[in-house]
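Student: Below is the structure I would like to discuss, written out as structure tokens.
Here, each number is a calculation from the coordinates, and none is a lab measurement. Just so it is clear, the model here is predicted, and its values are computed rather than measured. Positions of Cβ are backbone-derived with ideal geometry, glycine not excepted, and every protein chain shown enters the neighbour counts.
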Amino acid sequence: ENQFILAYSVHQRPTDTRCLEPHMEKAQQILGKLPKTVIADAGYGSEENYAYLEKKEIQAVVKYGSYHKEKSKAWKVNVGKIENWTYNAAEDNWTCLAGKMLHFRRESKEVSQSGYEIYKRHYRSQSCEGCPLKERCTKAAGDREVVVSLERLRYQKQAREILRSKEGYGLAVRRMTEPESVFGQLKNNRGFRRFLLRGMEKVTLEVGWLCLAHNLLKQAANDQKQRATFLQ
């Protein structure tokens with residue numbers, strides 16, 4: 001916040017997706033509470049993370065993988081994207097852009113490594129034969145079938161609404177200057193490109209020292225600016 005590091009955590013994972021929940025738990029341990037709002041990039045925009053933030057009553061200003069693609073003309077005219085179709089919640093069916101109805105067939109469940117359960121619903125068209133849009137819609141030889149998590153779509157809709165609001169846009173823009181500037185200071189200006197210690201415990205301690213040094217230097221720079229302003 002304001003380019004000060006409030007909390008930190010170290011993870012041995014190639015992607016960000018499964019780092020959010022343990023990081024938030026570490027933040028709560030350090031700060032004594034959870035933040036009211038979390039701003040994050042698309043690497044954290046999974047159904048599991050949205051569900052976690054909702055459970056904790058945290059406002060999620062978090063992009064998802066296709067957020068920017070949805071704004072493109074190519075996406076909006078893509079007849080095969082279910083996001084461009086119409087969903088009838090009462091009847092639990094989808095209508096594609098050719099006017100064909102896809103009916104619910106069955107539900108399946110996936111369980112993530114952390115134990116989170118994702119329920120996916122399977123829909124199939126009764127007949128795609130003779131459809132003028134089929135070649136642009138699917139490469140399947142038979143009728144079009146889609147598999148979708150309605151919870152994921154609900155979370156994406158919520159994220160889309162907040163991100164396109166004035167408040168959400170301002171927070172998303174602020175994220176570009178808040179953590180990114182700090183990473184630039186640590187890696188480029190301070191030359192921290194690799195860990196000197198080994199093992200999670202020691203590396204976590206090393207990151208803690210780095211964060212503490214950054215915050216002290218940041219505060220010193222702020223104090224110097226205030227003195228300079230006063231002297232002027």
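Student: Among DSSP beta bridges whose residues both lie in the chain, state the antiparallel percentage, nearest 5.
Tutor: That works out to approximately 85 percent antiparallel.
Student: Quick check: pseudo-label points 7 Å beyond the Cα along Cα→Cβ at Ser72 and Arg193, how many nm apart are they?
Tutor: 3.3 nm
Student: Something else: So for each of 160-171, 214-225 I average, over its residues, the number of other beta carbons within 10 Å; can you give me the resulting order with the highest mean first?
Tutor: Averaged packing, sorted descending, gives the order 160-171, 214-225.
Student: Ranked highest first by the average count of other Cβ atoms within 10 Å around their residues, in what order do 50-56, 105-111 fall?
Tutor: 50-56, 105-111
Student: Additional query: Which listed residue (His214, Thr204, Cys19) has the Cα farthest towards the positive end of the charge dipole for the chain, taking +1 on Lys and Arg C-beta and -1 on Asp and Glu C-beta about the Cα centre?
Tutor: So the residue furthest toward the plus end is His214.
Student: Which of Ala74, Ala89, Ala213 moves most in a GNM of the chain, Cα contacts under 10 Å?
Tutor: Ala89
Student: Gain in length, Met176 to Asp92, computed as 0.36 nm per residue apart minus the alpha-carbon separation, to one decimal in nm?
Tutor: Contour length minus the Cα-Cα distance gives 26.3 nm.
Student: Moving on to the next point. Quick check: Cα centre of the stretch 121-136 to Cα centre of the stretch 139-153, how many Å?
Tutor: So the separation of the two Cα centres works out to 10 Å.
Student: Ordered by residue, what ³J(HN,Hα) values in Hz, to whole numbers, does the stretch 142-157 give under the Karplus form 6.51 cos²θ - 1.76 cosθ + 1.60, where θ = phi - 60° and Gly and Pro are x?
Tutor: After applying 6.51 cos²θ - 1.76 cosθ + 1.60, I find x, 6, 6, 10, 10, 10, 9, 9, 5, 5, 4, 5, 5, 5, 5, 5 Hz.
Student: Could you compute the FRET efficiency for Ser127 and Asn2, with r as their C-beta to C-beta distance and R0 at 45 Å, rounded to 0.05?
Tutor: 0.15
Student: Same structure again: Could you give the angle, 0 to 90 degrees to the nearest 10, between helix 200-231's Cα long axis and the longest principal axis of the Cα atoms of the chain?
Tutor: So the inclination is approximately 70 degrees.
Student: Taking every alpha carbon pair in the chain, what does the distance histogram look like in 5 angstrom bins from 0, in percent?
Tutor: 1, 5, 10, 13, 14, 13, 11, 9, 7, 6, 5, 3, 2, 1, 0, 0
Student: Could you pull out every one of the lysines with an alpha carbon less than 21 Å from that of Lys36, ignoring same-chain neighbours closer than 8 positions?
Tutor: Within the straight-line cut-off, Lys36 pairs with Lys26, Lys55, Lys56, Lys63, Lys157, Lys166.
Student: Among Thr15, Thr138, what is the fewest-to-most ranking by other Cβ atoms within 10 Å?
Tutor: Thr15, Thr138
Student: Right, something else. Add +1 for every Lys or Arg and -1 for every Asp or Glu among the other residues with Cβ under 14 Å from the Cβ of Leu97, and state the total.
Tutor: Summing Lys and Arg as +1 and Asp and Glu as -1 gives +4.
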